[in-house]
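One structure is given below, encoded as structure tokens.
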């Protein structure tokens with residue numbers, strides 16, 4: 001995660017001084033669930049399973065959700081902070097809406113979204129991270145339901161951050177609900193290279209979904225590193241399985257942005273979601289491979305604008 005933080009200008013005064021690391025900011029994560037990884041202890045506030053299992057205790061039979069949560073809010077204690085997340089003081093509310101293969105149905109996701117709406121007033125929820133995208137062959141009616149639901153969260157005042165999907169690089173490949181005109185959609189730069197790691201990943205750097213959408217809206221909005229991200233391993237044991245694992249995708253870039261916004265809101269708690277989106281747009285940096293949107297996330301500019 002250190003190279004990720006360097007790439008997005010994370011090491012600014014507000015962060016180095018540990019002034020604004022997401023303290024008091026509730027972040028919802030709709031994904032495959034979460035496990036009690038050492039890096040996430042003390043920040044989990046609530047968990048609900050909306051899949052058929054309906055378990056009440058935290059679990060993640062895929063590993064995707066735990067990895068996402070670690071990028072967003074892990075404190076890195078199992079790695080001496082080498083793999084700490086972007087907002088290690090944020091509070092997590094996790095809804096399991098996908099199964100062990102990362103698949104799910106729209107109805108389960110909609111239930112999770114309704115829960116997030118209830119938490120806005122009950123638990124001071126500010127942000128919802130959705131590293132989930134509908135399959136291209138999903139029925140149009142189901143896609144519209146998904147879109148309407150995320151727009152409802154935005155209209156309620158939540159900062160909704162979603163992944164662009166990994167169906168790129170052709171035009172018109174942003175996954176639902178990333179094609180919503182309201183939410184903040186996150187992509188991965190097409191040409192991102194870093195620290196000699198390129199070439200070791202399963203994914204080529206040009207997989208990120210991109211617009212324009214059917215409504216001719218430019219998407220993704222903002223870009224962040226998402227290829228070769230090391231974060232919490234749901235299958236950690238301390239013996240056989242490591243505490244961390246590498247994954248790639250726009251799913252990994254999305255919590256980088258969510259974490260940055262949690263830091264911002266811990267500094268400026270009265271900002272509206274529209275103000276957050278405008279601040280992001282004003283402070284992104286143009287970078288090769290980000291031409292489809294505003295540019296690359298820059299935390300220093302975001303915090304100090």
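Calculated mean residue ellipticity, 222 nm, the chain: -8500 deg cm²/dmol, from DSSP H runs (n ≥ 4) at -39500 (n - 2.57) each, averaged per residue and rounded to 500. Over segment 2-304, what is the relative contact order in percent, taking alpha-carbon pairs closer than 8 angstrom and at least six residues apart? Dividing the mean separation by the residue count of segment 2-304 yields 21 percent. Taking the chain as a Gaussian network of alpha-carbon nodes connected by springs under 10 Å, the highest mean-square fluctuation of the residues 94, 245, 35 belongs to 245.
When each of 121, 32 is scored by the number of other beta-carbon atoms lying within 10 Å, the sequence from fewest to most is 121, 32. Once you put a point 7 Å from the Cα of residue 23 and another 7 Å from the Cα of residue 100, both along the Cβ direction, what distance in nm separates them? Taking the two extended label points, one gets 4.1 nm. When the Gaussian network model of the chain links Cα atoms closer than 10 Å, the mean-square fluctuations of 97, 106, 183 top out at 106.
Each of 286, 111 was scored by other Cβ atoms within 10 Å of its Cβ. Listed from fewest to most, they are 286, 111. The value for the chain of Rg(Cα) / (2.2 N^0.38 Å) is 0.89. Springs between Cα atoms under 10 Å define the GNM used for the chain, and in it the highest mean-square fluctuation of 174, 276, 27 occurs at 276.
Residue 281 to residue 41: extension gain in nm, 0.36 nm per residue of separation minus the Cα-Cα distance?
Difference between extended and current length: 83.1 nm.
Kindly identify segment 40-143 as rounded, prolate or oblate by the Cα gyration tensor criterion: order the square roots of the eigenvalues as a ≥ b ≥ c, call it rounded if a/c is under 1.5, otherwise compare a/b with b/c, prolate if a/b is larger, else oblate. It is prolate, given that a/c is not under 1.5 and a/b is the larger ratio. As a rough footprinting exposure proxy, the listed residues 274, 176, 186 were ranked by other beta carbons within 10 Å of their own, and the order from fewest upward is 274, 176, 186.
Read the figures in this text as sums done on the coordinates, not as results from a lab. A quick note: this is a predicted structure, and the numbers were derived from the prediction, not measured. When we count neighbours, we look across all protein chains shown, and the Cβ atoms used for this are built from the backbone with ideal geometry, even at glycine.
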